[in-house]
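The values are calculated or read from the model by the stated rules, or taken from the named source; none is laboratory data. A quick note: this is a predicted structure, and the numbers were derived from the prediction, not measured. Neighbour counts run over all protein chains shown; Cβ positions are idealised from the backbone, glycine included.
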Amino acid sequence: MSTIHGEIDGIRKTFLTRIEQLYEFTVPFGQVVTSELAQKMIEITEDLKREIAVYINRRGQITAVAVGDSIAVVLPEIDGRRSANRLSGTRCIHTHPSGDTELSGVDIASLKQVRFDLMAAIGQLDSIIQVSFGIITDVKNDTFHTQTIGPLSLEEFIELDLTYLASQIERQLELNTRTSAIAEPEKSILVGLERQGKWEIQDSLKELEQLAETAGAEVLDMTWQKRERPDPALFIGKGKVQELNLLKQEKGANLIIFDDELSPAQQRNLEKQLNTKVLDRAALILDICAQRARSHEAKLQVELAQLRYSLPRLGGQGLVLSRLGGGIGTRGPGESKLEVDRRRIRDRIGDITRKIENIEKQRNLHRKRRQSTRIPTVALVGYTNAGKSTLLNTLTDSDVFAEDKLFATLDPTTRHMTLLDGQTTLLTDTVGFIQKLPHHLIAAFRATLEEVIQADLLLHIIDVSHPQYQEQSKIVYQVLGELNVDTRNLITVFNKVDRIGNQDLLDQLLKQDNSIAISALSGVGTENLLGLIAVFLKEQKIEISLLIPYSDSSIIAQLYDVSTVHSTEYREEGIYVLISLPPDEINRFSIYTIGAEVNE
Ligand SMILES: Nc1nc2c(ncn2[C@@H]2O[C@H](COP(=O)(O)OP(=O)(O)OP(=O)(O)O)[C@@H](O)[C@H]2O)c(=O)[nH]1
Ligand SMILES: [Mg+2]
């Protein structure tokens, strides 16, 4: 009889036989576990109400079986000496009778101590089998770092390529036991689809290259396929995947970035076939935003978008691989690594949503206060890198961060701007837009974009020196449309004209209504812009409510001179008046404005 380790006293013979039969299972090479073995373990656990653990070696043989009590199992020792940077070559799969698959402190401790290839806990709740597992990701100063992933469905778990995973863990351990390990940039290949009616594929990939480099990856090559519709399973065609696999090997790439958003299934399938981390444009943009978010609010918004994006994608091989050494797509805002435990993600999403709601309430209060003083607001919108922040700096003599990189700005900044006639306005700078902006990001940033939605006037900044400025402009309108922004009060600002030698082009552009050409950097044309803003605001009327005490009732006559009076109501405390008037007249009546009723 093969040995059954652990607490076998008091277990009936029939059970012992069933447990012993676990030794007869084998697992195909490279696979973590089979569905039959997992199911058998769960059955015994349910009948016996005790933990069952098996050890499986890399050849797929069961090397040990152990029984514990209802909460833990004492694991057998493994023989043999191992060097510091190798795993034990054995994985431990065990059951949790409670059905809850969360790994315990003891589970993690044995993962580190035995250096298992992985440590998995299986549980069954409502007849669904789930798995959580831990892996060693790193070693620093002789201390092993681990990460737990899950809960996953049994099918998702079985999809893992254990051979590749273990080789990557050992590679990481080897890197880190060497003294001078320098973090190398991830080596990437970009992939796109060429379709009609979209951007030119080269232009789109060029932008993706900029994004990849901003995120810190090295771009080794790019490739694309002409195809009207993406393949539902692989996004690109089967043959193209094979070609990509060869290219990956030839170039030594460890990251493949797709130019379009992949479905969770496409991403998983591609990772399996390419056996490396696969990301899409959305993940890349979210990663960049996570690195760039500065304010507490922006960090929360980006993290929320990242979590919502990653929740349906957690089963991926690439995600597991990327846990080793972190890297693009796994980095949260600040120092944190992105959470990969489904349960904790759900909790965190709830937590962040509440926090954002609170901040939003504060922001609304501020906005109301501003509205009660009715200083007109102007918002900068435009494609990323168009020069919005530079223009804000020039117009308001400020020093906000502007840089020749995508997504330099994530936090809205509002500054006082004085027009030529001395009128004060508020100018707001916001996050730039980009082609295929992840919708999770738009949703998460909706609150900050409220500043834009509610502005009295929009300045649409276009970098005319960019070859794709027309396409970029279209995207800006598209995103504004998604946000339901009213674009009637908008000035088109053609920026970076210092880079344009072609006067004819400018003359042509300026035929467009309400447009102006400037250089935000040198200041050329900015005075004219200020003039145009003043004209615009003058033409615009703003609706406000006033409460005028009876002692000042002579004011009413003045109101009729400069504004449109919609209604007057005589009440005990005074006369309530609802009027529309040009913003620069507001100051005259500001002592009578009633903030809370403004714009509601
Ligand atoms: N030559 C020239 N460069 C400019 C001009 N305006 C801005 N730039 C440069 O363009 C780059 C991007 O400027 P930003 O002001 O950061 O652009 P942004 O629109 O705020 O970009 P995001 O915050 O990333 O959306 C910087 O390197 C600026 O110096 C201009 O009028 N002429
Ligand atoms: Mg900016």
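Within the stretch 333-344, can one find any residue that is over 26 Å from Glu159 (Cα atoms) and within 11 Å of the chain's Cα centre (by Cα)?
Step one: of the stretch 333-344, the residues over 26 Å from Glu159 (Cα atoms) are 333-336.
Keeping just the survivors that are within 11 Å of the chain's Cα centre (by Cα) gives 333.
There is at least one residue in the stretch 333-344 that is over 26 Å from Glu159 (Cα atoms) and within 11 Å of the chain's Cα centre (by Cα).
Among residues of the stretch 383-395 that are over 14 Å from Ser465 (Cα atoms) and in a helix (DSSP H, G or I), those with a Cβ under 8 angstrom from a residue that is among the polar types (S, T, N, Q) and more than 6 Å from ligand 1 (Cβ to nearest atom), sequence gap 6+ or separate chain, pair up as Lys388/Thr430; Ser389/Thr413; Leu391/Thr526; Leu392/Ser398; Leu392/Thr413; Thr394/Thr526; Leu395/Thr526.
State yes or no: is Ile475 among the aliphatic types (A, V, I, L, M), closer than 27 Å to Ala212 by Cβ and within 14 Å of ligand 2 (Cβ to nearest atom)? No; evaluated as a whole, the condition is false for this residue. Filter the stretch 113-129 down to residues that are part of a strand (DSSP E or B) and not polar (S, T, N, Q) and give me whichever is farthest from Val32 (Cα to Cα). Looking at residues that are part of a strand (DSSP E or B) and not polar (S, T, N, Q), I get Leu125.
To keep it simple, each residue is scored yes or no on (1) assigned to a strand (DSSP E or B); (2) away from ligand 2 (no atom under 13 Å from the Cβ); (3) crowded, with 19+ Cβ neighbours inside 10 Å; (4) without any contact (Cβ under 8 Å) to a residue 60 or more places away in the chain.
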| site | (1), (2), (3), (4) |
| --- | --- |
| Asp421 | no, yes, no, no |
| Lys436 | no, yes, no, no |
| Leu441 | no, yes, yes, no |
| Arg446 | no, yes, no, yes |
| Val452 | no, yes, yes, no |
| His460 | yes, yes, yes, no |
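Does the stretch 388-398 hold any residues that are more than 6 Å from ligand 1 (Cβ to nearest atom) and either small (Gly, Ala, Ser) or modelled with pLDDT under 85 (or both), and which are they? Once the filter is applied, which keeps residues that are more than 6 Å from ligand 1 (Cβ to nearest atom) and either small (Gly, Ala, Ser) or modelled with pLDDT under 85 (or both), the stretch 388-398 yields only Ser398.
Looking at Leu490, Leu546, can you tell me which residue is in contact (Cβ under 8 Å) with a residue 12 or more places away in the chain, in contact with a His (Cβ under 6 Å, 6 or more places away or on another chain) and surrounded by 18 or more Cβ atoms within 10 Å (Cβ to Cβ)? First the steps, then the outcome.
On the way: Leu546 fails: in contact with a His (Cβ under 6 Å, 6 or more places away or on another chain).
That would be Leu490, the only listed residue that is in contact (Cβ under 8 Å) with a residue 12 or more places away in the chain, in contact with a His (Cβ under 6 Å, 6 or more places away or on another chain) and surrounded by 18 or more Cβ atoms within 10 Å (Cβ to Cβ).
Looking across the stretch 405-419, the residues that are within 13 Å of ligand 1 (Cβ to nearest atom) and surrounded by 18 or more Cβ atoms within 10 Å (Cβ to Cβ) come down to Leu406, Phe407, Ala408, Thr409, Leu410, Asp411, Pro412, Thr413.
Taken residue by residue, the stretch 321-328 has at least one member that is in contact with a Ser or Thr (Cβ under 8 Å, 6 or more places away or on another chain) and of a type in the set (S, T, N, Q).
From the residues in the stretch 423-434 that are assigned to a strand (DSSP E or B) and either among the hydrophobic types (A, V, I, L, M, F, W, C) or more than 18 Å from Leu380 (Cβ to Cβ) (or both), which one is farthest from ligand 2 (Cβ to nearest atom)?
Residue satisfying both the conditions and the ranking: Leu426.
Test Leu165 against the stated conditions and say whether it is within 15 Å of Leu87 (Cα to Cα) and either surrounded by 14 or more Cβ atoms within 10 Å (Cβ to Cβ) or within 30 Å of the chain's Cα centre (by Cα) (or both). I'd like the intermediate steps shown before the answer.
Numbers: within 15 Å of Leu87 (Cα to Cα): yes; either surrounded by 14 or more Cβ atoms within 10 Å (Cβ to Cβ) or within 30 Å of the chain's Cα centre (by Cα) (or both): yes.
Yes: the conditions hold for Leu165.
Can you say whether Gln470 is closer than 25 Å to Gln540 by Cβ and either within 11 Å of ligand 2 (Cβ to nearest atom) or surrounded by fewer than 20 Cβ atoms within 10 Å (Cβ to Cβ) (or both), as far as the supplied structure shows?
Working: closer than 25 Å to Gln540 by Cβ: no; either within 11 Å of ligand 2 (Cβ to nearest atom) or surrounded by fewer than 20 Cβ atoms within 10 Å (Cβ to Cβ) (or both): yes.
So Gln470 does not fit the description; no.
So how many residues does the stretch 396-418 have that are assigned to a loop (DSSP other than H, G, I, E, B) and within 9 Å of ligand 2 (Cβ to nearest atom)? Of the residues in the stretch 396-418, 8 are assigned to a loop (DSSP other than H, G, I, E, B) and within 9 Å of ligand 2 (Cβ to nearest atom). Could you give every pair whose Cβ atoms fall below 7 Å, whose first residue belongs to the stretch 96-119 and is on the phi > 0 side of the Ramachandran plot, and whose second residue is modelled with pLDDT under 90 and of a type in the set (S, T, N, Q), counting only separations of at least 6 or pairs across chains? If the second residue must be modelled with pLDDT under 90 and of a type in the set (S, T, N, Q), the pairs left are Arg115/Ser88. When Asp507 is tested against (1) surrounded by 16 or more Cβ atoms within 10 Å (Cβ to Cβ); (2) modelled with pLDDT of 85 or more, just one condition goes unmet, and that condition is (1). Residues in the stretch 465-500 that are closer than 22 Å to Gln454 by Cβ and part of a strand (DSSP E or B) were compared, and the one that is nearest to ligand 1 (Cβ to nearest atom) is Val493.
Would you check if Gln306 is over 26 Å from Arg415 (Cβ atoms), out of contact with any Pro (no Cβ under 6 Å at 6 or more places or on another chain), modelled with pLDDT of 80 or more and among the polar types (S, T, N, Q)?
Values: over 26 Å from Arg415 (Cβ atoms): yes; out of contact with any Pro (no Cβ under 6 Å at 6 or more places or on another chain): yes; modelled with pLDDT of 80 or more: yes; among the polar types (S, T, N, Q): yes.
The answer is yes for Gln306.
Being in contact with an Asp or Glu (Cβ under 7 Å, 6 or more places away or on another chain) and within 16 Å of ligand 2 (Cβ to nearest atom), is that true of even one residue in the stretch 488-511? Yes. For the stretch 571-589, the candidate set comprises residues that are under 25 Å from Leu457 (Cβ atoms) and among the acidic types (Asp, Glu); within that set, the residue that is farthest from the chain's Cα centre (by Cα) is Glu585. Please determine whether any residue of the stretch 353-376 is buried (at least 20 other Cβ atoms within 10 Å of the Cβ) and within 8 Å of ligand 1 (Cβ to nearest atom). No, the stretch 353-376 contains no residue that is buried (at least 20 other Cβ atoms within 10 Å of the Cβ) and within 8 Å of ligand 1 (Cβ to nearest atom). Residue pairs whose Cβ atoms lie under 6 Å apart, separated by 6 or more positions or on different chains, with the first residue in the stretch 137-158 and within 13 Å of Asn85 (Cα to Cα) and the second hydrophobic (A, V, I, L, M, F, W, C), are Thr137/Leu324; Val139/Leu173; Phe144/Ile136. Within this structure, Ser563 fails the test of being polar (S, T, N, Q), surrounded by 13 or more Cβ atoms within 10 Å (Cβ to Cβ), over 25 Å from Glu451 (Cβ atoms) and modelled with pLDDT of 85 or more.
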